[in-house]
Amino acid sequence: MLYSKLFPKPQKTNKEYDSANARYLINGGFINQVMAGAYTFLPLGNRVLVKIEQIVRREMDKIGQEVLMPSIVPTQLWEDTGRLEKVDVLFKALGANEASKTKNDAEYVLNSTHEEVVTPLAKQFTSSYKDFPFALYQIQTKFRNEPRAKSGILRGREFRMKDLYSFHTSEEDLLDYYNNVAMPAYVEVFKKLGLGDSTVIALASGGDFTDKYSHEFQTLCETGEDTLYYDKEENIYYNKEVVKDPEAKKYDIVKGAEVGNIFPLNTKFSKALDFTYTDEQGDKKLVYMGCYGIGTSRVMGVLVEKFHDDKGIIWPVQVAPYLVHLVGLDLNDQEIRQRATSLYQKLNDEGIEVLFDDREEVRPGAKFADADLIGIPVRLVISKRTEDKIEWKKRDEKDSELLAYNEVLARINKILTH
C-alpha cells in the first residue's frame, strides 16, 4: 500500500482522550467516531479487525459451524424468553415511518446477544438425540444501549462479537464440551492473538443462567475496568462480584480487561422456548445449552491498551495492519526513489504486506513519528545515508542496523514462521 494513497493519514491532535486505545486508534487513522460508542473502522483499523476475526474464526471452525443471524428481530422473540424488559441495555426500534406511504407499526430489537434467535433456529432443524451435540457460531455486529459509552472501543453501543452456542442432550455432555473443548479453544485463541501470556480465566457469576460459576477471560492490564482477586494458594482468579470476603489478605488485587466469557446456559432457553429432543426410549427431554463469547472489536482495543508506548501502538505481528513499514527518504533523488520502489515491489512479490511511505514533501521526523504511531512491527528505511543497504528497526526495539536485502528477507521470514 502506498502511503500517499492511504485513507486517511494519521492526524495527531491535542484532544484529551479517556483511554490509550481511543487516543492512538483515532490519531493513527484506525477508527473514526460517529457518535459516542459508535465508530467507523477505517482501512488500517479494518485490516486489524479482520485479522483478529480470522484468528478467532480458524479456532471456532474446529469446534462449531459458522452461521450469520440477523441483527434486528421482532420483540416477540424476546417476549417468549421473558427477557424483553429484564435486559436494561436493550435497543428497541419502531417500524413506523410517517414520511412513508406504507406504515409498519411493528417493534423490533437490535440484538445484544442471540439466544432468542439461535434457539428457535436449532429447534427447527433438530428433534432426535442423534442430532446432538452440535455448535453454531457467528461473528456479528451487536448493540448495547450503554448509559455511558467510554474508553474508545472497549465499551461501545455498537461492537463486533463472536458468539458460539452449543447444544447437548445432558448436563454432563454440556460440561464436557464446556471444559474440554470450548475452554481450550479460547486459550488457543488468545495465545494466537498475542495475549496468551497476560490473559487469565476468572470465575464469575453465572447470573440467572446457572448456579455454577461462569468463566471470564481477562487480560491483565493496568487500565482494565474489572477488579480481580487472585488467590495465590489456589492459583485462582475471581471477579470482584463473587469474592466472599474481599478484605481477606490472601488475595492479590489486579486489574483486568474482559476479552471473552463462557456460560453454561443449561435449560433456561430450551425451557422458555420448548426446545426438546426425543431420547432413545422415545421420551421428550429438554436440550442443554452453552454460550461462548469473544468481543473481537474489544480485543482490538485491549491490544492497544496492552501494547503501546508514549509514541504510539506496538502491534503484535499476527494482527498488525501491515508487517513492514517502508520509509523512503530523499525521494526527490530519482536513484533513491528507484531503490525504494524496487524494494517495495520485491517485498510485495514475496507476499509480504508493506505500507510504503512514498511522500516526497514530508520531513523525516514526521515520517518516523507516523511510523511509531501506527505501530507496524518492522520499519525499513531507504535513504542517501543507507547507501546500498537497508535500515532495519523493529517497533519494539530502540536500535537500528544496516542490512543487505537478503538479510532483511531472512529476518522477515523468521518473524513470519515464529
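The values are calculated or read from the model by the stated rules, or taken from the named source; none is laboratory data. Small disclaimer: the values here were computed from a predicted structure and weren't measured. A quick note on method: Cβ atoms are made from the backbone with ideal geometry, for glycine too, and the neighbour counts reach across all protein chains shown.
Below is a table of values for the structure above.
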| quantity | calculated |
| --- | --- |
| Qualifying residue in region 306-328 (condition: part of a helix (DSSP H, G or I), more than 30 Å from T386 (Cβ to Cβ) and within 26 Å of the chain's Cα centre (by Cα)) | yes |
| Positions within region 104-142 being in contact with a helix residue (DSSP H, G or I) (Cβ under 7 Å, 6 or more places away or on another chain) and among the aromatic types (F, W, Y), in sequence order | Y108, Y137 |
| Unmet criterion (only one of (1) surrounded by 19 or more Cβ atoms within 10 Å (Cβ to Cβ); (2) closer than 25 Å to C221 by Cα) for G64 | (2) |
| Residue, surrounded by the most Cβ atoms within 10 Å (Cβ to Cβ), within region 355-384, restricted to residues that are free of Cβ contacts under 8 Å to residues at least 12 places away in the same chain and not in a helix (DSSP H, G or I) | V362 |
| Condition met for S342 (in a helix (DSSP H, G or I) and surrounded by fewer than 17 Cβ atoms within 10 Å (Cβ to Cβ)) | yes |
| Residues of region 1-22 that turn out to be without any contact (Cβ under 8 Å) to a residue 60 or more places away in the chain and not acidic (D, E), as a count | 7 |
| Qualifying residues in region 400-418 (those that are touching a Phe, Trp or Tyr at 6+ places or on another chain (Cβ under 9 Å) and charged (D, E, K, R)) - the one nearest to L323 (Cα to Cα) | R411 |
| Test: residue in region 395-404 that is closer than 26 Å to V304 by Cβ, buried (at least 19 other Cβ atoms within 10 Å of the Cβ) and within 28 Å of the chain's Cα centre (by Cα) | yes |
| Inter-residue pairs, beta-carbon under 7 Å, first in contact (Cβ under 8 Å) with a residue 24 or more places away in the chain and surrounded by 16 or more Cβ atoms within 10 Å (Cβ to Cβ) and in region 34-60, second assigned to a helix (DSSP H, G or I) and among the charged types (D, E, K, R), 6+ apart | I55/K192; E59/E188 |
| Residues located in region 18-30, provided they are charged (D, E, K, R) and in a helix (DSSP H, G or I) | R23 |
| Tally of residues being part of a strand (DSSP E or B) and out of contact with any Leu (no Cβ under 9 Å at 6 or more places or on another chain) across region 263-286 | 5 |
| Given (1) more than 30 Å from G282 (Cα to Cα); (2) surrounded by fewer than 12 Cβ atoms within 10 Å (Cβ to Cβ); (3) in contact with a helix residue (DSSP H, G or I) (Cβ under 7 Å, 6 or more places away or on another chain), number of the condition L94 does not satisfy | (3) |
| Residues of region 222-256 that turn out to be assigned to a loop (DSSP other than H, G, I, E, B) and among the β-branched types (V, I, T), as a count | 2 |
| Subset of region 34-55 [of a type outside the set (A, V, I, L, M) and out of contact with any helix residue (DSSP H, G or I) (no Cβ under 7 Å at 6 or more places or on another chain)] | G37, Y39, T40, P43, N46, R47, Q54 |
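Okay, residues lined up against (1) surrounded by fewer than 19 Cβ atoms within 10 Å (Cβ to Cβ); (2) closer than 30 Å to M161 by Cβ; (3) outside the structural domain of N179 (by TED's automatic domain parsing):
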| site | (1), (2), (3) |
| --- | --- |
| V287 | no, yes, no |
| C291 | no, yes, no |
| M300 | no, yes, no |
| K311 | yes, no, yes |
| P316 | yes, yes, yes |
| G328 | no, no, yes |
| Q338 | yes, no, yes |
| D349 | yes, no, yes |
| E353 | yes, yes, yes |
